[in-house]
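Report on the structure given below.
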Amino acid sequence: MSFCVALFSVTASASTLDKIQDEGKITIGVANEVPYGYTTPDGEPAGEAPSIAVKVLNDLGVDDVNVVVTEFGSLIPGLRAGRFDVIAAGMYITPKRCMQIAFSNPTYSIGEGFLVQNGNPKALNGYDDIKAKSVKFGVMSGSVEYGYARDFGIAMNKIVTLPDYPSGVAALKSGRIDALGGTSLTMASLAQKDDRVELAQPFTPLMIDGQSVKGYGGFGFRPSDTALRNAFNEQLEGFIDTEEHIALVTPYGFGKHTSPGDMTAKTLCE
């Protein structure tokens, strides 16, 4: 029985790669989240992950790349149900997700950051400053930043939860909060859209229980599609951090500063 299961897995893992190369087309899944993965008004794939996916797939001989847009929470179920063959949404690689899908090696890494009023009047350059000073810290409801603040030991009466980032920016400008927390990439993107706020620089990297809090994003595949995942990894190995790669992702705010270095999916899944 174990031999039959193994044989089936090998056949299944090769079938999707063979199929997309034979047909020259594939469907990828995104969550319409700028700048990670989304579609343009005319339905074309855009963002860090879809741009890399199109490049990799073209190099694999697949020129017709279609896109399915779904809620972020539906990406893994949608992949497993066969609605699309690759998650190209910049999804963080975590041990919990690794139990459900297979990941490519990461294509970027991102740490935390603060959005502050111009000039950073309260000198808030890290979670330690929030903890030490009499300030209000804004986070999105249900976000990882709420947990980070709690685990860092920041008093709960300093934390203001907000429904979305536009509300956070408004609260910051009105003085209701003194800093807004999120990934450095998201905070930088918000700063570019409003000349009354800025990204806090420099920023002290967040450490919790001696561990660096940093997210690594990659592509998701069905567990049986190891051949497709391996083909992606082979292409990524010779592409990530090249001039071509940097030029491709720079318009989305990524670049050398978001390099994943030598990190692998195997390490992140452990």
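The values are calculated or read from the model by the stated rules, or taken from the named source; none is laboratory data. This structure is a prediction, so every number in the text was calculated from the model and none was measured. All Cβ positions, glycine included, derive from the backbone under ideal geometry; neighbour counts span all protein chains shown. Note: accessible area is taken over every heavy atom of the protein model, side chains too, but ligands, DNA and RNA are not part of it. Shrake-Rupley method; radii C 1.70, N 1.55, O 1.52, S 1.80 Å.
Within segment 233-263, restricting attention to residues that are among the aromatic types (Phe, Trp, Tyr) and either within 23 Å of Ser212 (Cβ to Cβ) or part of a helix (DSSP H, G or I) (or both), which residue is most open to solvent (accessible area, probe 1.4 Å)?
Per the stated criteria, the residue is Tyr252.
Quick check: anything in segment 121-137 surrounded by 17 or more Cβ atoms within 10 Å (Cβ to Cβ), in contact with a strand residue (DSSP E or B) (Cβ under 9 Å, 6 or more places away or on another chain) and part of a strand (DSSP E or B)?
Yes, because at least one residue in segment 121-137 is surrounded by 17 or more Cβ atoms within 10 Å (Cβ to Cβ), in contact with a strand residue (DSSP E or B) (Cβ under 9 Å, 6 or more places away or on another chain) and part of a strand (DSSP E or B).
When segment 67-105 is examined, which residues are found to be modelled with pLDDT of 95 or more, of a type outside the set (A, V, I, L, M, F, W, C) and in contact with a helix residue (DSSP H, G or I) (Cβ under 7 Å, 6 or more places away or on another chain)?
Asp85, Gln100, Ser104, Asn105
Does Thr204 meet the test of being in contact with a helix residue (DSSP H, G or I) (Cβ under 8 Å, 6 or more places away or on another chain), among the β-branched types (Val, Ile, Thr), over 13 Å from Glu145 (Cα atoms) and not in a strand (DSSP E or B)?
For Thr204, the condition - in contact with a helix residue (DSSP H, G or I) (Cβ under 8 Å, 6 or more places away or on another chain), among the β-branched types (Val, Ile, Thr), over 13 Å from Glu145 (Cα atoms) and not in a strand (DSSP E or B) - is met.
Looking only at segment 143-178, count how many residues are assigned to a strand (DSSP E or B) and touching a Lys or Arg at 6+ places or on another chain (Cβ under 7 Å).
Qualifying residue count, segment 143-178: 1.
Pairs only if they're at least six apart or on different chains, beta carbon under 7 angstrom, first in segment 62-89 and over 12 Å from Ile20 (Cα atoms) and among the basic types (Lys, Arg), second open to solvent by less than 70 Å² (accessible area, probe 1.4 Å) and part of a loop (DSSP other than H, G, I, E, B); list them, first residue then second.
Arg80/Arg222
Going through Val213, Val249 one at a time, which residue ends up being at pLDDT 95 or above and closer than 26 Å to Phe114 by Cβ?
Result of the check over Val213, Val249: Val249.
What are the pairs, 6+ residues apart or on separate chains, where a residue within segment 210-223 that is open to solvent by 10 Å² or more (accessible area, probe 1.4 Å) has its Cβ under 6 Å from a residue that is of a type in the set (S, T, N, Q)?
Between residues of segment 210-223 that are open to solvent by 10 Å² or more (accessible area, probe 1.4 Å) and residues that are of a type in the set (S, T, N, Q), the close pairs are Lys214/Ser109; Tyr216/Ser109.
Assess whether Glu33 counts as being touching a residue at least 40 places away in the same chain (Cβ under 8 Å) and open to solvent by 30 Å² or more (accessible area, probe 1.4 Å).
Yes; evaluated as a whole, the condition is true for this residue.
Let's see how each residue does on (1) in contact with a Ser or Thr (Cβ under 6 Å, 6 or more places away or on another chain); (2) modelled with pLDDT under 95:
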| site | (1), (2) |
| --- | --- |
| Tyr127 | no, no |
| Ile130 | no, no |
| Ser141 | yes, yes |
| Glu145 | no, yes |
| Phe152 | no, no |
